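Below is one structure, written out as structure tokens; the observations come after it.
Taken together, the values in this text are just the output of simple stated rules run on the coordinates, not laboratory data. What you see is a predicted model; the values in this text were computed from it and never measured. Glycine also receives a Cβ, built like all others from the backbone with ideal geometry; neighbour counts cover every protein chain displayed.
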Amino acid sequence: PADIHDSSQARVRSAPAPVTDVAKLCVCDLLVAQCDTNCCCDPDCSADDFSLFTTCSVPVVTGDSQLCSQKAAVYSLDVEANPPERIFKLIDRVNPSIFCIHATNYKEALYLKSPEIPTPENFDQLLDKFGGATFSAEPDSWNLDTDTPNPPDANETSRYEYGVPVQTEDAFLRLPSPVVSSWCSDANPAGFLVNQATKCIRSVSVEKCDSIQALSMLFYINSSILAVPKSSQMVNITVQSIAVQSLNGMRTLLNSSDVLRLPMVLDELCINAVLGVSYHITHTDTGEIIEAAAAFVLGAISKEALSVEQSFEISFTQENAQPVPLSGNPGYVVGLPVRAGFRPQGYPSPAAFLSNKHSQLTILQSTSTQDCLAAQGARAPVLFGYNMISGCKLRITAAMKCQPLAQTLLDVLKGQNFPEYVASFGNSQAQDVLDWVPITQLHISEQMICNTLQSSCQIPVSLGIEVKWTKYGSLVNPQARIVNVTATVTTTTLKQLPSGRERIIPITSSVVFTDISSPAEPGYKAWPTINIKLPFDFFYPFV
Amino acid sequence: SSQLSSLPLQILLYVNGIYYIFYFLATLAMIIYKSQVFSYPDDYLAPDLAVLFLMAILEVPRLYLGFKGNLTEAEAPLGLSLGLTVGSVVLCVYLLLWQTYVLRADVLLNAVLLSAYGLESGLKVTAIAAFIS
């Protein structure tokens, strides 16, 4: 009915009018229909309440103090009287400054504007004006021309850039990942050059497992990837390898990866369900994708399982390049492993260093048993910038022979493949011989007194690696560069124990990063000089 | 022959010229101050600045014609100057009453200028009457 609509309109359109009368404004009146303590302007307070107050929390209520003359309500407590009473005075306050506002012809100068109440009629216009990230004062004249395509998009047609979602025929290359909770969400796009590895849980039911799309290989390889964004050039996703995981976790690599294996129900098990996908995308250095391959891990789901954990991984490699992970470009990034390598035989002929993922600078990793001899070779990579200390306890019995013990301890401290050279920059190439810093090896004996027999056996008890690095490059963006690496092995003599006794000595290894960058020196530009030279024939004809 | 040019008018025109330069710079500085300290949107700032600059543009021929008319004892330039004075008075009243923010300093400056214009107009009328007769 029309009258209800009108009344609702009338109700909606009126906002409460702003209060401007100084005598009626009260900032401390917070409780409705109750007296606020020490609030002298509260209309709910009676004379008895005022006699209990100690001070007035709001002594003056005025308008804008920049006006030349304004009304002010002054509240005070007369404590001399018995009982104390509140005094209320309405006075005219005069601003003595010569720059006080005498008059103003602009309504919103001194008061906040009442906002427009949205109604069904003006909602669209208000949304245009205030709905964006910034409010436009003139929304009509500054609208983008909707006929021409958006200018920012024009740049991205030619190539992929870092972080841009990899596009496929229908949408984006999906990398299911946990969002908020651990359940898989299929809406996560894979970003170009963003290497990711995610694990998430998917709910399954064995009866319907052949109809669940996310468990079948087809779901992950059926849409082809666009080579460049918004183009028609397609790159098919090939199946690189298929590994089948049995119920007890053992994986076997299948010989033929051509056959597409789809999930099916067999003997109360769902076989050929996808448990993991690993994408490998090859790209050119101009941001074009040329190859895409996926390696699958298929497994079986038993009837009782209500959910299965899937793991997904994507990695990008440039064509014709060895994927050596960089630890910084060019300076080391804190937290990335220090790259190390070996000098191949035949030096000093300039040959490349051998450095791959397995030749890293590592230190001993402390285990829960803390027994050096049972360490099982657990090692932790040395991360740039992170000082680490680790150790274990060595139990020496009388029966132990010194020389093999010393060799074992050296292996425990240094590891199997202790490198000889460390990369100076995070992106040092193996062929640049000068970018690699040799590791200086020092041996220190704990007992410096020379009266002990040198022939008594020394066992290493600690390894300290000190990495000296400096800031290199510009002052605003300094790059970390390793200058010097020293590995110090401290040895001590092994005293012969009486039989039956045993001793426990601690073995430690540590890595310390020291910043040896010299402080920046201010450099001044050369003062301009006046370059005056007399012409060569100035003293003609005398010279 | 007695001199018909009015000496008080000449003095007043000269002082008016100097005062106007001070007035223009002071008012411009105060508008800049107001735009920084108060909320002064562009569509309120533009008319105020326009009026100030228009008044400055009017002032130059007004004073020149006043000088010329008084010194050459010609009534035509003096009459024209009187006409331009009317325009300047209107703009001065705008700056006194209808500006977006009228500060106390604005009131003082404009009041002084308005009284100078009034006195000038009176003296110009007297001078024209003297020249005609």
Enter the mean number of other protein chain beta carbons within 10 Å of the beta carbon of each residue in A:511-522, as an integer. 0
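Past the 25 Å Cα-Cα mark, which pairs from A:Lys107/A:Lys129; B:Lys34/B:Lys124; A:Lys471/A:Lys525; A:Lys129/A:Lys230; A:Lys24/A:Lys107; A:Lys71/B:Lys34?
Cα-Cα > 25 Å for B:Lys34/B:Lys124; A:Lys129/A:Lys230; rest within.
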Antiparallel bridges, percent of DSSP beta bridges restricted to chain A (to nearest 5): 70 percent
Based on the mean of other Cβ atoms within 10 Å per residue, sort peptides A:28-39, B:74-85, A:419-430 so the most packed one is first. A:419-430, B:74-85, A:28-39
Among A:Thr119, A:Val485, A:Ile504, which residue has its Cα furthest toward the positive end of the charge dipole of chain A, with +1 on Lys/Arg Cβ and -1 on Asp/Glu Cβ? A:Ile504
Projecting each Cα onto the charge dipole of the protein assembly as shown (Lys/Arg +1, Asp/Glu -1 at the beta carbon, about the Cα centre), which of A:Ala399, A:Phe296, B:Val102 comes out farthest on the positive side? A:Ala399
Averaged across the residues of B:30-39, what count of C-beta atoms belonging to other chains lies within 10 Å of each residue's C-beta? 2
Compute the separation of the alpha-carbon centres of region A:477-539 and region A:379-452 and state it in Å as a whole number. 20 Å
How big is the gap, in Å, between the Cα center of region A:295-336 and the Cα center of region B:67-97? 87 Å
So for region A:16-109, Kirkwood radius off the Cα pairs, Stokes-Einstein at 20 °C and 1.002 mPa s: how many µm² s⁻¹? 145 µm²/s
Give me a comma-separated list of calculated 3J(HN,Hα) values for region A:409-414, in order, Karplus coefficients 6.51, -1.76, 1.60 applied at θ = phi - 60°, integers in Hz, x for any Gly or Pro. 5, 5, 5, 5, 6, 8
Across the residues of A:104-110, average count of Cβ atoms on other protein chains within 10 Å? 5
What is the percent of Cα-Cα separations in the protein assembly as shown that go past 32 Å? 78 percent
Amide hydrogen neighbours beyond the local backbone of A:Asp371, cut-off 5 Å, H modeled: A:Lys393
Residue-wise HN-Hα coupling along region A:301-309, computed from phi with Karplus coefficients 6.51, -1.76, 1.60 (Hz; x: Gly, Pro): 10, 7, 5, 6, 6, 9, 8, 9, 9
Integer Hz, Karplus 6.51/-1.76/1.60 couplings in order for region A:235-240, x for Gly and Pro: 10, 6, 8, 8, 8, 7
Given an 8 Å cut-off on Cα distances and at least 6 residues of separation, report the relative contact order of chain A as a percent. 8 percent
Taking the convex hull of the alpha carbon atoms in region A:415-543, what volume per residue do you get, in Å³? 298 Å³
